[in-house]
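Here's the structure, in structure tokens; my notes come after.
The values are calculated or read from the model by the stated rules, or taken from the named source; none is laboratory data. Given the structure is predicted, the values throughout are model-derived calculations rather than measurements. Cβ placement follows ideal geometry from the backbone for every residue including glycine, while neighbour counts extend to all protein chains displayed.
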């Protein structure tokens, strides 16, 4: 759960609403908070989404890693980050029930808009449903005020029959997320070199060579670049593309993938 800058005012709230923040889905969704708005303690980042075809905004490395795990999941169909709890009447009511103060800007007195890190559209039992997930460092779960806000967030989504849960760094495989990150930019790709062969020819050529040779990915792809007169790195990018598209299956929990060492190919699809 995150808040905006300290200079939070009613005018800024109205501007955010007018801009359509927190509205839409897929490519049309606009997060309530962008990296330009929030001074995060960790590194902020932006990443283009596979599922949404838009730029996503993250306030920490751990949020970004969790995003990559959601991107990889076939069950997750849409990812909306920094999703606002805009029903302030409901939020105030829940705070009163809990006997806690709803957070407000100290200077302006304007209520902050709390956010859930991720609202996901997932396929469950052949139906699309919404679920909410918030990231928190495990050590922060010992803080009373953090727990109060999380309980408020939980009750907010409970009232809307949306499953809500906390994810900590202990549940995120850094190796898995980093491997997806390594592949991420290769998801959309077209062969740009001048050639009289269809791109599928090179897909099959790479898959065959991977099946035949017991060598490193970098060695195989470099050799194919030379043999076909392509710019260095072309077949390595193609390898990443085919893994991202799951036409080549590898062990995503192996720390060998992103350094292009010898990778155990589980299966290729021709």
Output the number of the condition that residue 195 fails; it satisfies all remaining conditions of (1) over 23 Å from residue 48 (Cβ atoms); (2) assigned by TED's automatic domain parsing to the domain that holds residue 117; (3) surrounded by 13 or more Cβ atoms within 10 Å (Cβ to Cβ).
(2)
Restricting the stretch 123-139 to residues that are farther than 23 Å from residue 168 by Cα and over 20 Å from the mean Cα position of the chain (by Cα), which is surrounded by the most Cβ atoms within 10 Å (Cβ to Cβ)?
127
In the stretch 1-48, the residues that are under 28 Å from residue 147 (Cα atoms), touching a helix residue (DSSP H, G or I) at 6+ places or on another chain (Cβ under 7 Å) and at pLDDT below 85
1, 42, 43, 45
Sort out which residues of the stretch 65-92 are surrounded by 19 or more Cβ atoms within 10 Å (Cβ to Cβ) and either within 10 Å of the chain's Cα centre (by Cα) or not assigned by TED's automatic domain parsing to the domain that holds residue 14 (or both), and write them in order of number.
65, 66, 67, 68, 70, 71, 79, 80, 81
Checking residue 212 against (1) over 22 Å from residue 191 (Cα atoms); (2) at pLDDT 90 or above, only one condition comes out false. Which one?
(2)
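Yes/no per residue for (1) assigned to a helix (DSSP H, G or I); (2) farther than 26 Å from residue 13 by Cβ:
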| site | (1), (2) |
| --- | --- |
| 89 | yes, no |
| 97 | yes, no |
| 153 | yes, no |
| 156 | yes, no |
| 166 | no, yes |
| 170 | yes, yes |
| 177 | yes, yes |
Which of (1) exposed (fewer than 13 other Cβ atoms within 10 Å of the Cβ); (2) without any contact (Cβ under 8 Å) to a residue 60 or more places away in the chain does residue 107 not meet, given it meets every other one?
(2)
From the options 164, 62, residue that is buried (at least 18 other Cβ atoms within 10 Å of the Cβ) and farther than 28 Å from residue 188 by Cα
164
Conditions (1) farther than 29 Å from residue 250 by Cα; (2) surrounded by fewer than 17 Cβ atoms within 10 Å (Cβ to Cβ) -> residue 149 fails only (2)
Can you report the number of residues in the stretch 207-236 which are in contact with a helix residue (DSSP H, G or I) (Cβ under 6 Å, 6 or more places away or on another chain), in a helix (DSSP H, G or I) and free of Cβ contacts under 8 Å to residues at least 40 places away in the same chain?
7
